[in-house]
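The block underneath contains the structure these notes are about, expressed in structure tokens.
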Amino acid sequence: MPSVPRSFEPSPFSPKGEWIKAGFHCHTTLSDGGLSPEETVALYRRRGFRCLGITDHRAVTDAEALSDAAFIALNSTENGGDPDLIGVGVRSSAPRDLPLPERARRLAEQGGFVIAPHPAYCAASPETYRACPALHALEIYNAYCDRAYANGVAVELWDMLLGDGLRLWGVAGDDAHLNPRKRTYSDAGEAWVEVWAGEFSRRGILDALTRGAFYSTQGPRFEEIVVGKETISLRTSPVVEVRWRSFGKAGHVFRADGGARITASALPEWLRVRTYVRIELVDGDGRRAWSNPFFLRTAEEGS
Ligand SMILES: [Zn+2]
């Protein structure tokens, strides 16, 4: 098939950096969680995390004192309201009775990374998020909502909004409450974010999040994502499917046969990318990973 002309925006991934395992949705005894902030950080550290935003309901959990040379805790909150919002790296919450766009703006103005959590659980319409320019990301997978309510996946909404031209990154979270009284709740580390940070610091992580230099996962790994002007290529942990997804009638699935595994993939030359392309991985246990969207340059940016 003939190749299709295209030109991607520059890669969000800095040439030098490292992957940092991070979580941006969990609760402690300061709201409805079962462990103290100290115990929560200790648990995530044992599970390989190097960064955590504790997102207790309503107030900002002051966690940055729990940071050290090997671990970064970011003051964060799950800002109640209709629908909910998460602010990562913020000093104060926003009044819950304010409209969503205003709450998002107040969290973003503090230098925070603003996520719309569990959109299906919030029963939020696409229009709700279209009217919210300060939003950085959609929580495309929430392990707690998936486990308890079967509504933790929001990739269809994500594609709808991306197809409309919104720039929204995709975040996965475990929403762990670590509370034995809540038997259906998810556990720490069931889904997380791998951040490619040029510098292991609070600023380095927040900058990488804002630029979209990260992916989300339940286990499979993007070891490298190389974005060229017209090409995207990957190295991954062994998976059974690599799913290239654009908007509408455009996409392609590479599937491994039998016991084979895929560890590399490239965007097919013939795939007609419409506005953006993103990649999903599926491993042999059905666990998924989601890259962020890679956008085509607009006409004004030139080619
Ligand atoms: Zn939550």
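The values are calculated or read from the model by the stated rules, or taken from the named source; none is laboratory data. All figures in this text were calculated on a predicted structure; none of them were measured in a lab. In this analysis, Cβ positions are derived from the backbone assuming ideal geometry, glycine residues included, and neighbour counts consider all displayed protein chains.
Tabulated data
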quantity	calculated
Residue under evaluation SER186, criteria (1) within 15 Å of the ligand (Cβ to nearest atom); (2) in a helix (DSSP H, G or I); (3) under 21 Å from LEU30 (Cβ atoms), criterion not met	(2)
Among residues of region 226-256, those that are among the acidic types (Asp, Glu) and either within 22 Å of the chain's Cα centre (by Cα) or closer than 14 Å to ARG278 by Cβ (or both), counted	1
Subset of region 51-67 that is out of contact with any helix residue (DSSP H, G or I) (no Cβ under 9 Å at 6 or more places or on another chain) and under 20 Å from VAL193 (Cα atoms) - its residue that is farthest from the ligand (Cβ to nearest atom)	GLY53
Strands (runs of 3 or more DSSP E) wholly inside region 233-303 that include at least 1 residues being outside the structural domain of LEU162 (by TED's automatic domain parsing), more than 14 Å from TRP158 (Cβ to Cβ) and out of contact with any Phe, Trp or Tyr (no Cβ under 7 Å at 6 or more places or on another chain)	241-245, 251-255, 262-266, 276-282
Residue pairs meeting the criteria (Cβ under 6 Å; at least 6 apart or on separate chains; first within 16 Å of the ligand (Cβ to nearest atom), in region 155-178; second in a helix (DSSP H, G or I))	ASP174/ALA143; ASP175/TYR144
Residues satisfying the stated conditions in region 216-249, i.e. among the small types (Gly, Ala, Ser) and buried (at least 16 other Cβ atoms within 10 Å of the Cβ)	SER216, GLY219, SER237, SER246
Any hit, region 114-124, residues being away from the ligand (no atom under 16 Å from the Cβ) and not hydroxyl-bearing (Ser, Thr, Tyr)	no
Residue check, TYR129 more than 16 Å from the ligand (Cβ to nearest atom) and hydroxyl-bearing (Ser, Thr, Tyr)	yes
Total residues in region 134-177, condition assigned to a loop (DSSP other than H, G, I, E, B), of a type outside the set (A, V, I, L, M, F, W, C), surrounded by fewer than 18 Cβ atoms within 10 Å (Cβ to Cβ) and modelled with pLDDT of 95 or more	2
When residues of region 11-35 are limited to those that are polar (S, T, N, Q) and within 16 Å of the ligand (Cβ to nearest atom), the one surrounded by the fewest Cβ atoms within 10 Å (Cβ to Cβ)	THR29
Residue in region 94-107 that is farthest from the ligand (Cβ to nearest atom), counting only those that are closer than 28 Å to SER67 by Cβ and within 21 Å of the chain's Cα centre (by Cα)	ARG105
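Matching residues to (1) basic (Lys, Arg); (2) surrounded by fewer than 16 Cβ atoms within 10 Å (Cβ to Cβ):
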{"site": "ILE72", "(1), (2)": "no, no"}
{"site": "GLU78", "(1), (2)": "no, no"}
{"site": "ASP97", "(1), (2)": "no, yes"}
{"site": "PRO101", "(1), (2)": "no, yes"}
{"site": "ARG105", "(1), (2)": "yes, no"}
{"site": "VAL114", "(1), (2)": "no, no"}
